[in-house]
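Enquirer: Encoded as C-alpha cells, here's the structure I'll be asking about.
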Amino acid sequence: MAYETLLLDRQDGVTTVTLNRPNKRNAMNPKLHEEMTAALEELRYDHATRVVVITGAGTSFCAGMDLKEYFTELKSKPDEFDRAGRLAVEWRGRTLRYYPKPTIAMINGYCFGGAFSIVEGCDLAIAAEEATFGLSEVNFKLFPGGSVSKSLANLMRPRDALWYGMLGRPFDGKKAADIGFINLAVPLANLLEETMNIARELANKDPHALRATKDGFRHSLEMSWDAAISYSFAKEAELVLQQNDAWRTEGIGDFLKGKYKPGLESHDQVQKPATDPAPVSSEQG
Ligand code: COA
C-alpha cells in the first residue's frame, strides 16, 4: 500500500516506518494519523515484518501535532477534530502498547510534544545524542494534552515530567537517556546501524516469547498481584500451544544437552527457531 505521509522499508524482518513530511519537520497532520493507523494494521499481519522501527525523514523525528492542520484548521470542524484526535491517541497509545511485534522509536532529530507519545508507545527507544527533545506545549500556552500527559506519567520520573513540562526547555538525546526516557543515545552517525543491530537481534528471537514478554509487562502494570500471577500462568500455557512446547523441548532441552548457555546466549544463535514466526495473532489494539 502506498502512503502520502509515510515511507515503509522492509529488510531482514525489520520494517522501518518513516514519518515523511520533512518540510514540516514531520509534524503529525490528520492524514498522517490515518495513514499510521492503516500502516500499523498492515504490518500487524505482514509476515515479512517481525520488528517495526519508527523514525523521521530529514532533520526531525517528529515536531509533534500539526499546529496548523490539526489545532487551527479543524477548530470549526468538531467532528473532524474529534476523529483526528481519536486516531492520534489510539495509534500512539493502545495500538503501539499492545502491538503484537516489538517496536523501536529511532529518534533522529527534533522530538516535540505529541512525539513523546510515539516514544512512550514503542517498546524501546534509541536516539541520536544530537536529537532535541522538548515538551514545548507550555511555550505556546498549552499543556501536554491528548495522550502526552499520560505518556509522561507512564515513563518519566515525576520531577522530570514537571520540570520539562512546566519549563518547556529542550534537552538532548544524552539527557533523554540519563533520565530513562529512552534506552540509549548514540552519535547520529551511528544511529541507524546501532538501531538495526538491536532490531535484527529482536527479529531473530522467538516472536511468541517476545509477545508474551510485552504482554506480561504491559498488562501487569494495571493488574492486581493476584490477577497478574493468574494471567502469567495462563500466558505460559498459551505459549506452550503457540510454540508446540518449543521453549521446553528446544530451549530448555538444548541447554540440558549442553548445547548452549541461555544465561549467556540466545537459542537462535545455536539453532534457528523451529516455529513459524508468522502467526503472532492480535489480541487487542
Ligand atoms: N506543526 C505544523 N507545522 C510545523 C510544526 C508543527 N508542529 N513544526 C514545524 N512546522 C513547519 C513550520 O511551520 C514550517 O513550515 P513552512 O515552511 O510552511 O513555514 C516548517 O515546518 C519548518 O519549520 P521551521 O520552524 O522553519 O524549521 P526549524 O528547523 O527552524 O525549526 C522546530 C524546527 C521543530 C524547532 C520548529 O518548527 C518548532 O518549534 N515547531 C513547533 C514544535 C512544537 O512545539 N511541537 C509541539 C506540538 S504538540
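The values are calculated or read from the model by the stated rules, or taken from the named source; none is laboratory data. Given the structure is predicted, the values throughout are model-derived calculations rather than measurements. Cβ placement follows ideal geometry from the backbone for every residue including glycine, while neighbour counts extend to all protein chains displayed. Only protein heavy atoms, including side chains, enter the accessible area calculation; ligands, DNA and RNA are left aside. Shrake-Rupley method; radii C 1.70, N 1.55, O 1.52, S 1.80 Å.
Enquirer: What are the lysines whose alpha-carbon lies under 16 Å from the alpha-carbon of K24, with same-chain residues fewer than 8 places away excluded?
Expert: K68
Enquirer: Which GluC sites (Glu not before Pro) in segment 1-70 sit in a loop by DSSP (not H, G, I, E or B) and have at most 11 other Cβ atoms within 10 Å of their own Cβ?
Expert: E4
Enquirer: Okay, moving on. How much of the accessible area of segment 64-149, probe 1.4 Å, is carbon plus sulfur, in whole percent?
Expert: Carbon and sulfur atoms account for 55 percent of the accessible area of segment 64-149.
Enquirer: State in Å² the accessible area per residue of segment 207-269; use a 1.4 Å probe, count heavy atoms of protein chains only, and round to the nearest integer.
Expert: Counting only protein heavy atoms, the per-residue value for segment 207-269 is 65 Å².
Enquirer: Still on this structure, I have one more. If R94, R157 are ordered by their accessible area, calculated over protein heavy atoms with a 1.4 Å probe, which sequence runs from highest to lowest?
Expert: Largest accessible area first, the list is R157, R94.
Enquirer: How much accessible area per residue does segment 6-203 have, counting only protein heavy atoms and a probe of 1.4 Å, in square angstrom?
Expert: 45
Enquirer: Got a sec? Charge dipole of the chain, +1 on Cβ for Lys and Arg, -1 for Asp and Glu; which of V186, L152, V17 is way out at the positive end?
Expert: Projecting each Cα onto the dipole axis, the largest value belongs to L152.
Enquirer: Next question, about the same structure. Using helices alone, what [θ] at 222 nm do you get for the chain, with -39,500 (n - 2.57) per DSSP H run of 4 or more residues, divided over all residues and rounded to the nearest 500?
Expert: That calculation yields -12000 deg cm²/dmol at 222 nm.
Enquirer: Which listed residue (L6, A176, V51) has the Cα farthest towards the positive end of the charge dipole for segment 6-203, taking +1 on Lys and Arg C-beta and -1 on Asp and Glu C-beta about the Cα centre?
Expert: A176
Enquirer: Turning to a different aspect of this structure: Leaving out ligands, DNA and RNA, what percent of the accessible area of segment 207-269 is carbon and sulfur, probe 1.4 Å?
Expert: So the carbon and sulfur contribution to the accessible surface is 61 percent.
Enquirer: I need the Debye-formula profile for segment 207-269: one equal scatterer per C-alpha, no solvent, reported as log10 I(q)/I(0) at q = 0.12, 0.13, 0.28 1/Å, two decimals.
Expert: Debye output, listed in q order: -0.37, -0.43, -1.11.
Enquirer: Once you charge only the Cβ atoms, +1 for Lys and Arg and -1 for Asp and Glu, what is the size of the charge dipole of the chain about its Cα centre, to the nearest 20 debye?
Expert: 540
Enquirer: Just the number, please: percent antiparallel of the DSSP beta bridges in segment 80-190, rounded to the nearest 5.
Expert: So the antiparallel bridges amount to about 20 percent of the total.
Enquirer: How would you classify segment 1-118 from its alpha-carbon gyration tensor, with a ≥ b ≥ c the square roots of the eigenvalues: rounded for a/c under 1.5, else prolate if a/b is greater than b/c, otherwise oblate?
Expert: Taking the square roots of the gyration eigenvalues as a ≥ b ≥ c, segment 1-118 is prolate.
Enquirer: What does the charge add up to near K174, with Lys and Arg as +1, Asp and Glu as -1, over the other residues with Cβ less than 11 Å from its Cβ?
Expert: Result for the local shell: -3.
Enquirer: I would also like to ask the following. Please list log₁₀ I(q)/I(0) at q = 0.10 Å⁻¹ for the chain, using the Debye equation with identical point scatterers on the alpha-carbon positions.
Expert: With no solvent term, the Cα-only Debye profile gives -0.56.
Enquirer: Which whole-number percent gives the relative contact order of the chain, counting Cα pairs below 8 Å spaced six or more residues apart?
Expert: In percent, rounded to a whole number, it is 17.
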